[in-house]
Amino acid sequence: MKHVLVTGGAGFIGSNFARYLLRAGRGPRVTVLDKLTYAGNLENLASLRGRSGFRFVRGDICDARLLDELLPGID
């Protein structure tokens with residue numbers, strides 16, 4: 001696993017999953033995609049900001065153009 005896309009990653013479960021994936025330091029790169037509606041909170045990702053292998057993208061999973069941009073690098 002080289003690269004993981006975590007959708008809804010600014011929520012409670014998604015942010016903990018992203019932290020879990022990055023914890024080992026040798027794990028996959030993680031891209032978090034979140035629309036930041038009522039359940040998404042950037043503060044849930046504060047500990048990951050600036051960390052190598054982490055990227056946050058604000059967007060909607062229903063945006064086909066955005067997914068085309070993100071998914072070529074995702075295994």
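The values are calculated or read from the model by the stated rules, or taken from the named source; none is laboratory data. What you see is a predicted model; the values in this text were computed from it and never measured. A quick note on method: Cβ atoms are made from the backbone with ideal geometry, for glycine too, and the neighbour counts reach across all protein chains shown. We work out accessible area using only protein heavy atoms, side chains counted, and drop any ligands, DNA or RNA first. Shrake-Rupley method; radii C 1.70, N 1.55, O 1.52, S 1.80 Å.
Looking only at segment 25-42, which residues are at pLDDT 90 or above, closer than 20 Å to Leu70 by Cβ and in a loop (DSSP other than H, G, I, E, B)?
Lys35, Leu36, Thr37, Gly40
Tell me the residue from Leu66, Leu22, Leu70 that is among the hydrophobic types (A, V, I, L, M, F, W, C), out of contact with any Leu (no Cβ under 7 Å at 6 or more places or on another chain) and outside any loop (DSSP other than H, G, I, E, B), please.
Details: Leu22 fails: out of contact with any Leu (no Cβ under 7 Å at 6 or more places or on another chain); Leu70 fails: out of contact with any Leu (no Cβ under 7 Å at 6 or more places or on another chain).
Selected residue: Leu66, the only one of Leu66, Leu22, Leu70 that is among the hydrophobic types (A, V, I, L, M, F, W, C), out of contact with any Leu (no Cβ under 7 Å at 6 or more places or on another chain) and outside any loop (DSSP other than H, G, I, E, B).
Under the condition of being more than 12 Å from the chain's Cα centre (by Cα) and of a type in the set (Ser, Thr, Tyr), which residue from segment 21-59 is surrounded by the most Cβ atoms within 10 Å (Cβ to Cβ)?
Ser47
When you scan segment 1-20, how many residues do you find that are open to solvent by 10 Å² or more (accessible area, probe 1.4 Å), among the hydrophobic types (A, V, I, L, M, F, W, C) and touching a residue at least 40 places away in the same chain (Cβ under 8 Å)?
Within segment 1-20, residues that are open to solvent by 10 Å² or more (accessible area, probe 1.4 Å), among the hydrophobic types (A, V, I, L, M, F, W, C) and touching a residue at least 40 places away in the same chain (Cβ under 8 Å) number 3.
Filter segment 43-63 for residues that are part of a helix (DSSP H, G or I) and of a type outside the set (A, V, I, L, M, F, W, C); which is farthest from Ala24 (Cα to Cα)?
Glu43
Looking at segment 4-19, which of its residues are outside any helix (DSSP H, G or I) and under 10 Å from the mean Cα position of the chain (by Cα)?
Pass one, segment 4-19, residues outside any helix (DSSP H, G or I): 4-11.
Within segment 4-19, Val4, Leu5, Val6, Thr7, Gly8, Gly9, Ala10 qualify.
What about Leu66, is it without any contact (Cβ under 8 Å) to a residue 40 or more places away in the chain and surrounded by 12 or more Cβ atoms within 10 Å (Cβ to Cβ)? Write out each step before concluding.
Details: without any contact (Cβ under 8 Å) to a residue 40 or more places away in the chain: yes; surrounded by 12 or more Cβ atoms within 10 Å (Cβ to Cβ): yes.
Criteria met by Leu66.
If you scan segment 34-51, which residues turn out to be within 17 Å of Val4 (Cα to Cα) and in contact with a Leu (Cβ under 9 Å, 6 or more places away or on another chain)?
Asp34, Leu48, Arg49, Arg51
Under 9 Å by Cβ, and 6 or more places apart or on different chains, what pairs join a residue from segment 37-57 that is on the phi > 0 side of the Ramachandran plot with one that is among the charged types (D, E, K, R)?
Gly53/Arg29
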